[in-house]
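Asks: Just dropping this structure here.
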Amino acid sequence: LVKAPWDLDLVVFEQNDEGLHDLRVGDKVSLEWDAEHTFALDGAQDINAGSDLDDEE
């Protein structure tokens, strides 16, 4: 869980860290990602917008 400076909690996970980081609660971190790995949702859409819901699973 990462708390953004504007008081928003973000759930994150780290991939392929190769054991380089030993993070502790309260450590400051920098988050970044490639723009090609993102998508945007229209703020007027409902909470389920962008999710795949399959009632049979």
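The values are calculated or read from the model by the stated rules, or taken from the named source; none is laboratory data. A quick note: this is a predicted structure, and the numbers were derived from the prediction, not measured. Because the Cβ atoms are built from the backbone with ideal geometry, glycine has one as well, and the counts that use them run over all protein chains shown.
Asks: Residue by residue through the stretch 1-23, note down the ones that are part of a strand (DSSP E or B) and in contact (Cβ under 8 Å) with a residue 12 or more places away in the chain.
Replies: Within the stretch 1-23, Val2, Leu10 meet the criteria.
Asks: Give all pairs with beta carbons closer than 9 Å in which a residue from the stretch 37-57 that is β-branched (Val, Ile, Thr) and part of a loop (DSSP other than H, G, I, E, B) meets a residue that is surrounded by 10 or more Cβ atoms within 10 Å (Cβ to Cβ) and modelled with pLDDT under 75; count only pairs at least 6 apart in sequence or on separate chains.
Replies: Every condition considered, no pair remains.
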